[in-house]
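Notes for the one structure printed next.
The values are calculated or read from the model by the stated rules, or taken from the named source; none is laboratory data. All figures in this text were calculated on a predicted structure; none of them were measured in a lab. Cβ placement follows ideal geometry from the backbone for every residue including glycine, while neighbour counts extend to all protein chains displayed. Just the protein is used for accessible areas: all its heavy atoms, side chains included, with ligands, DNA and RNA removed. Shrake-Rupley method; radii C 1.70, N 1.55, O 1.52, S 1.80 Å.
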Amino acid sequence: ALGRSFLRMSKRETPMTLRYWEKVGGTIVEEFSAIPRGQNDGARILDAVIIPDGPKMRAKKSEVEIEGKDIIVVQTKAKRLGMYLMGQVVFSAELMKRYKPRSIKSVALCKRGDSVLEPLLEAYENVEVVIDSA
């Protein structure tokens, strides 16, 4: 029961995510379920997890091994960088630690940067803002 706004945003954001993947290569898992819905937990879905050293393919979560691999977590918003997206990229990396990757780079993929907010993310190692100019 996804709302219309989610589907509309998804149509704008998925092409952005795939363009980023085209640049970095590797294996991409779209809509990666980092945390399944539980009695006391909401589901946590990441827009994408990319294994840059993997074969160039789109895969399901069940088809990839995260442990010991370098990964890129991608959270995408088809608008200017904002605090919601910033929180997503910081905490998505934290959620992925349970999968025991060798390294985690977390990317905030957006249409425009923000000169006040971007410097605040510099305090977080391996977090990057990427502007999709297409």
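Take peptides 74-80, 92-98, 112-118 and line them up by average Cβ neighbours within 10 Å, highest first, as a rough protection proxy.
Ranked by mean Cβ neighbours within 10 Å, highest first: 74-80, 92-98, 112-118.
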- Determine ³J(HN,Hα), in whole Hz, for all residues of the range 47-59 in sequence, where each value follows from phi through the Karplus function 6.51 cos²θ - 1.76 cosθ + 1.60 and θ = phi - 60°; x replaces Gly and Pro. 4, 6, 10, 10, 9, x, 8, x, x, 6, 6, 8, 9
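Quantify, in whole percent, the carbon and sulfur part of the accessible surface of the range 67-134 (1.4 Å probe; protein heavy atoms only). Don't skip to the answer; put the middle values down first.
Details: 2020 of 3820 Å².
So the carbon and sulfur contribution to the accessible surface is 53 percent.
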- Message: Could you report the chain's accessible area per residue, 1.4 Å probe, as an integer in Å²?
- Response: 61
- In this structure, the FRET efficiency calculated for Val116 and Ile45 from their beta-carbon separation, with R0 = 25 Å, to the nearest 0.05, is 0.35
- Within the range 74-92, whose backbone N sits under 18 Å from a point 7 Å along Cα→Cβ of Ile131? 76-83, 85-86
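Under a Cβ-only charge scheme (Lys and Arg +1, Asp and Glu -1), can you give me the dipole magnitude of the range 53-124 about the Cα centre, in debye to the nearest 20?
Charge dipole, the range 53-124, about its Cα centre: 320 debye, nearest 20.
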